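**Q** My questions will all concern the structure given below.
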Amino acid sequence: MIDNYKFYMQQYPKNGVIQPIKDLEVDFIGLKYSKLMGIDKYGKIKNIYIESYPESSELRVWIPEIITRDNPEIELTLYFVGVNRRSVYHQFVQYISGSKLYYWDNCRNRKVAILLTEPVEPSDDKLYGSTPYITASFKFTNLDGQSEQSI
């Protein structure tokens, strides 16, 4: 059983150059993972064709060799904790903006290609005990319509 979960992102290669892998909680000091919704979701299949005819109760179906899917939403919720929480939040938003990304973790062992598609607005500063933090949810589009097994 793994008790030290890790959460990773990597930007797609730029000009043929592989981009570094980011361990979210290590490379963005003060970022804390909260939850991820939608990584196991499969988009609706969009390239199977079904025809029905009034003279028959049987449907005609065409199924291609490669299935394509709609692109469901994935929502990542993070906390930004500590004195530099705003700075780390802005660094993270800059990292994920305008780039296709891979996300994966060693919790679910799933990898997904994503793109930030919705506006981001953090919560106001909150206090938990004496620790200030910001909560932010990031909505991404799943670029392949599904996730795949990660190593």
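The values are calculated or read from the model by the stated rules, or taken from the named source; none is laboratory data. The shown structure was predicted, so the numbers you read here are calculated from the model rather than taken from an experiment. Note that each Cβ is placed from the backbone with ideal geometry, even for glycine, and that neighbours are counted across all protein chains shown. All accessible areas refer to the heavy atoms of the entire protein, side chains included, with ligands and DNA or RNA removed. Shrake-Rupley method; radii C 1.70, N 1.55, O 1.52, S 1.80 Å.
**Q** Quick one: how many residues across region 124-151 are farther than 12 Å from ILE74 by Cβ and assigned to a strand (DSSP E or B)?
**A** Within region 124-151, residues that are farther than 12 Å from ILE74 by Cβ and assigned to a strand (DSSP E or B) number 11.
**Q** Can you report the number of residues in region 6-48 which are polar (S, T, N, Q) and either touching an Asp or Glu at 6+ places or on another chain (Cβ under 9 Å) or part of a loop (DSSP other than H, G, I, E, B) (or both)?
**A** 3
**Q** Could you tell me whether any residue of region 111-124 is over 28 Å from GLY43 (Cα atoms) and open to solvent by less than 60 Å² (accessible area, probe 1.4 Å)?
**A** yes
**Q** Here's a follow-up. Keeping to region 59-102, report how many residues are charged (D, E, K, R) and under 20 Å from ILE114 (Cβ atoms).
**A** Of the residues in region 59-102, 5 are charged (D, E, K, R) and under 20 Å from ILE114 (Cβ atoms).
**Q** Has region 9-24 got at least one residue that is acidic (Asp, Glu) and closer than 27 Å to VAL81 by Cα?
**A** Scanning region 9-24, I find at least one residue that is acidic (Asp, Glu) and closer than 27 Å to VAL81 by Cα, so the answer is yes.
**Q** List pairs: first residue in region 125-148 and open to solvent by 10 Å² or more (accessible area, probe 1.4 Å), second residue outside any strand (DSSP E or B) and modelled with pLDDT under 80 anywhere in the structure, Cβ distance under 8 angstrom, at least six positions apart or on different chains.
**A** Filtered contacts from region 125-148: PRO132/ASP125; TYR133/ASP125.
**Q** Do we find a residue being among the basic types (Lys, Arg), closer than 25 Å to GLY43 by Cβ and open to solvent by 30 Å² or more (accessible area, probe 1.4 Å) anywhere in region 80-102?
**A** yes
**Q** A further question on this structure: Could you please find all residues in region 17-63 being open to solvent by less than 60 Å² (accessible area, probe 1.4 Å) and aromatic (Phe, Trp, Tyr)?
**A** PHE28, TYR33
**Q** A follow-up question, please. When the residues of region 64-79 are narrowed to those that are open to solvent by 50 Å² or more (accessible area, probe 1.4 Å) and of a type in the set (Asp, Glu), which ends up farthest from LYS35 (Cα to Cα)?
**A** GLU65
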